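Enquirer: First the structure, then my questions, so here it is.
The values are calculated or read from the model by the stated rules, or taken from the named source; none is laboratory data. None of the values given here were measured: they were computed from a predicted structure. Heads up, the Cβs are rebuilt from the backbone with ideal geometry, glycines too, and the neighbour counts pull from every protein chain shown.
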Amino acid sequence: MQDLKVNIDGKEYTVKVDEIGSGKLMVYFDGESFEVETKSDIEKELFEQIEESSNESGKKKGVITAPLPGIVFSIDVKIGEKVVKGKKLMSLMAMKMENEIIAHVDGKVKEIKSKKGDTVNKGDILLVVD
């Protein structure tokens, strides 16, 4: 369990935070507890929904996620562009190094979930290739 200081409307509060598995957090404050779903959990559910729909339709879809936290440095594809496995899709700046994000499936870029300058966490969905 970890104590964190949180500033809400200019007032500082101390809360206790405990990870309860699968990236979910339990936050304790003022005698109450709250289960919190993190952004990565929500995106994981979206990823699972996309995988389920791809299995139903028989098409192979690719969800490209951030392998590490960083800042979107470049986006090298456009929606609708055809890509092949191994093509550079975008890059992230992390620890003063540019990290290339590469397609792991052939297909067409269906969605781009971030823009240049966005901060992303490990596991965040960056692109969807259909």
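Here's the yes/no breakdown for (1) among the basic types (K, R); (2) modelled with pLDDT of 75 or more; (3) over 21 Å from the mean Cα position of the chain (by Cα); (4) over 19 Å from N121 (Cα atoms):
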residue	(1), (2), (3), (4)
L4	no, yes, yes, yes
K11	yes, yes, yes, yes
V15	no, yes, yes, yes
G21	no, no, no, no
K24	yes, no, no, no
V27	no, yes, yes, yes
D30	no, yes, yes, yes
E35	no, yes, no, yes
T38	no, no, no, no
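Enquirer: Tell me yes or no: at least one residue of segment 104-126 is hydroxyl-bearing (S, T, Y), assigned to a loop (DSSP other than H, G, I, E, B) and modelled with pLDDT of 90 or more. Show your work before the answer.
Expert: So in segment 104-126, the residues hydroxyl-bearing (S, T, Y) come out as 114, 119.
Subsequent filtering for residues that are assigned to a loop (DSSP other than H, G, I, E, B) retains 114.
Retained after the next criterion (residues that are modelled with pLDDT of 90 or more): 114.
Checked against the condition, which is being hydroxyl-bearing (S, T, Y), assigned to a loop (DSSP other than H, G, I, E, B) and modelled with pLDDT of 90 or more, segment 104-126 yields at least one hit.
Enquirer: Now a separate question. I'm trying to understand the selection: among the residues of segment 96-117, which are touching a residue at least 24 places away in the same chain (Cβ under 8 Å) and hydrophobic (A, V, I, L, M, F, W, C)?
Expert: I101, A103, V105, V109, I112, listed by residue number.
Enquirer: Of the conditions (1) within 30 Å of Q2 (Cα to Cα); (2) at pLDDT below 80; (3) in a loop (DSSP other than H, G, I, E, B), F47 clears all except one; give me its number.
Expert: In the conditions (1) within 30 Å of Q2 (Cα to Cα); (2) at pLDDT below 80; (3) in a loop (DSSP other than H, G, I, E, B), F47 misses (3) alone.
Enquirer: Scan segment 99-129 residue by residue and report those that are among the charged types (D, E, K, R) and either more than 18 Å from the chain's Cα centre (by Cα) or on the phi > 0 side of the Ramachandran plot (or both). Spell out the reasoning first.
Expert: Going residue by residue through segment 99-129, those that are among the charged types (D, E, K, R) are 100, 106, 108, 110-111, 113, 115-116, 118, 122, 124.
If the condition is that a residue be among the charged types (D, E, K, R) and either more than 18 Å from the chain's Cα centre (by Cα) or on the phi > 0 side of the Ramachandran plot (or both), then D106, K108 are the ones that fit.
Enquirer: Taking the conditions exactly as written (at negative phi, in contact with an Asp or Glu (Cβ under 6 Å, 6 or more places away or on another chain) and at pLDDT 90 or above), does V72 satisfy them or not?
Expert: Spelling it out, V72 is indeed at negative phi, in contact with an Asp or Glu (Cβ under 6 Å, 6 or more places away or on another chain) and at pLDDT 90 or above.
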